[in-house]
Amino acid sequence: MNLVQQYIKETPAQLNKIIAGSIELFSSIADLDIKRIILIGSGTSYHSGAEMQQLMRVKSGVQVESYYPFLITKEFLKGDNSHTLFVGISQGGSSFTTFDSMKLAKEAGCIVGTMAGEEDAYIDQLADVVMTVNIGEEHAGAKTKGFYATKLNLLLLAEYVGLGNGTVTQAQVDADVNAVEQVLDVFPNAYEKAYKWVDARKEQLAKADNIRVVGPAGLYGDVLESALKLLETCRLPVTGYDFDEFIHGVYNAIDEKSTVFFMDDGSEPRVHKMLEVLSEWSDRLYIVSLNDADDDHHVGYDVQVPQELETFIFPLLFQVAASILPEVKGIDPSMPKDPQFHMKLGSKKFNH
């Protein structure tokens, strides 16, 4: 078991620790009278917000938006921000772009919150509300456990905002938390199914020239993160698209060298038609779903979870692939290509 696989397998236990500490972490949130939540972050941090923003809207009852830091300007933040919670998300807690966006938000009168993957993070110095993500130890360059942990932290934030706004009751919050715990119970089963499928086909999959990951709107953050994990570790061109965006031009680039994965949550009726059309150009087409499928072109996790919590299962196949395929290529999936990259570029306060 390599380091990335170790962290994936630790995920359920770590997320249960987050649930156990949620009352203390979010106890003050319900009193802040929040009317709008803005989430900002880069890479995995952005993907977490992009994936959770719709569910957060449902649970909190307020407007929730997710952006990259470079999109935040003084003009964007014009107006009364006294009831806006502006959350900077950073796995390592030292991203300069996230920090600079938070400064703009502070100057614009926002309530500034942070979600960093460690305590006393660099970005916390600007925070009115510190909501540290209890990721635990994760020294691999390609983050996996931190992605799920951040998504859960965001969900819990929304639940407590909802309590303050009357959108949800304590009984509903308790039921939602119980549903998450049940998903974490089946997480190991889904991991084993994904591992066996990838391991049995690793030699062929590792020969990929380029990869596209395609999924429905409800899993868009997971699509982006899954593509990033494969790109980071396999070090080849990988891109992620919403199904409708893939239709708008991207299909033109598919040829016999292309590998395409489709996340199928049942919401997109055209998936099989798309496979039929693309099969004229490539035979490296795969469906990832929650059913019990298990063949060369379709893998199912064989678990049942509530639709709004499928995000805690769907990325697994891609994270597992990101841990196995690089080793076939002679690459350590836990090590970035250049461990000093952020120091050389001056993009982070600390090199993690």
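The values are calculated or read from the model by the stated rules, or taken from the named source; none is laboratory data. The shown structure was predicted, so the numbers you read here are calculated from the model rather than taken from an experiment. FYI the Cβ positions are ideal-geometry reconstructions off the backbone, even for glycines, and counts take in every protein chain you see. All accessible areas refer to the heavy atoms of the entire protein, side chains included, with ligands and DNA or RNA removed. Shrake-Rupley method; radii C 1.70, N 1.55, O 1.52, S 1.80 Å.
Condition check ((1) open to solvent by less than 10 Å² (accessible area, probe 1.4 Å); (2) touching a residue at least 12 places away in the same chain (Cβ under 8 Å); (3) not hydroxyl-bearing (Ser, Thr, Tyr)) across all residues:
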| site | (1), (2), (3) |
| --- | --- |
| 276 | no, no, yes |
| 281 | no, yes, yes |
| 284 | no, yes, yes |
| 294 | no, yes, yes |
| 304 | no, yes, yes |
| 314 | yes, yes, yes |
| 317 | yes, yes, yes |
| 321 | yes, yes, yes |
Give 120, 124, 185 a once-over and let me know the one that is over 19 Å from the mean Cα position of the chain (by Cα), part of a loop (DSSP other than H, G, I, E, B) and of a type in the set (Asp, Glu).
120
Taking residue 98 as the residue in question, decide whether it is in contact (Cβ under 8 Å) with a residue 12 or more places away in the chain, part of a loop (DSSP other than H, G, I, E, B) and under 22 Å from residue 60 (Cβ atoms).
no
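Conditions tested, residue by residue: (1) within 18 Å of residue 222 (Cβ to Cβ); (2) within 18 Å of the chain's Cα centre (by Cα); (3) part of a helix (DSSP H, G or I); (4) in contact (Cβ under 8 Å) with a residue 60 or more places away in the chain.
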| position | (1), (2), (3), (4) |
| --- | --- |
| 1 | no, no, no, no |
| 4 | yes, yes, yes, yes |
| 9 | no, yes, yes, yes |
| 12 | yes, yes, yes, yes |
| 15 | yes, yes, yes, yes |
| 45 | yes, yes, yes, yes |
| 49 | yes, yes, yes, yes |
| 65 | no, yes, no, no |
Residue by residue through the range 7-31, note down the ones that are aromatic (Phe, Trp, Tyr) and open to solvent by 10 Å² or more (accessible area, probe 1.4 Å).
none
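Per-residue answers, yes or no, for (1) at pLDDT 95 or above; (2) open to solvent by 20 Å² or more (accessible area, probe 1.4 Å); (3) under 14 Å from residue 225 (Cβ atoms):
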{"site": "5", "(1), (2), (3)": "yes, no, no"}
{"site": "33", "(1), (2), (3)": "no, yes, no"}
{"site": "37", "(1), (2), (3)": "yes, no, no"}
{"site": "41", "(1), (2), (3)": "yes, no, yes"}
{"site": "56", "(1), (2), (3)": "yes, no, no"}
Which residue pairs have Cβ atoms under 7 Å apart, sit 6 or more places apart or on different chains, and have a first residue in the range 227-250 that is of a type in the set (Ser, Thr, Tyr) and a second that is not in a helix (DSSP H, G or I)?
233/142; 233/331; 233/333; 239/212; 241/212; 241/214
Restricting attention to the range 257-274, the residues that are open to solvent by less than 70 Å² (accessible area, probe 1.4 Å) and either over 23 Å from the mean Cα position of the chain (by Cα) or among the charged types (D, E, K, R) (or both) number exactly 5
Identify all residues within the range 104-125 that are within 20 Å of residue 78 (Cβ to Cβ) and either in contact with a Ser or Thr (Cβ under 9 Å, 6 or more places away or on another chain) or open to solvent by less than 20 Å² (accessible area, probe 1.4 Å) (or both); write none if there are none.
104, 105, 108, 109, 110, 111, 112
Just one of (1) crowded, with 24+ Cβ neighbours inside 10 Å; (2) modelled with pLDDT of 95 or more trips up residue 95, so point out which.
(2)
Scan the range 193-223 for residues that are of a type in the set (D, E, K, R), surrounded by 15 or more Cβ atoms within 10 Å (Cβ to Cβ) and farther than 13 Å from residue 314 by Cβ and jot them down.
201, 202, 212
Would it be correct to say that residue 326 is at pLDDT below 95, open to solvent by less than 10 Å² (accessible area, probe 1.4 Å) and out of contact with any Gly (no Cβ under 6 Å at 6 or more places or on another chain)?
no
Elements of type strands (runs of 3 or more DSSP E) contained in the range 240-331, each with 2 or more residues being of a type in the set (Phe, Trp, Tyr):
258-263
Hey, does the range 134-149 have a residue that's closer than 16 Å to residue 46 by Cβ, open to solvent by 30 Å² or more (accessible area, probe 1.4 Å) and among the basic types (Lys, Arg)?
yes
Taking the range 71-90 as the region of interest, how many residues are open to solvent by 30 Å² or more (accessible area, probe 1.4 Å) and closer than 26 Å to residue 140 by Cβ?
0
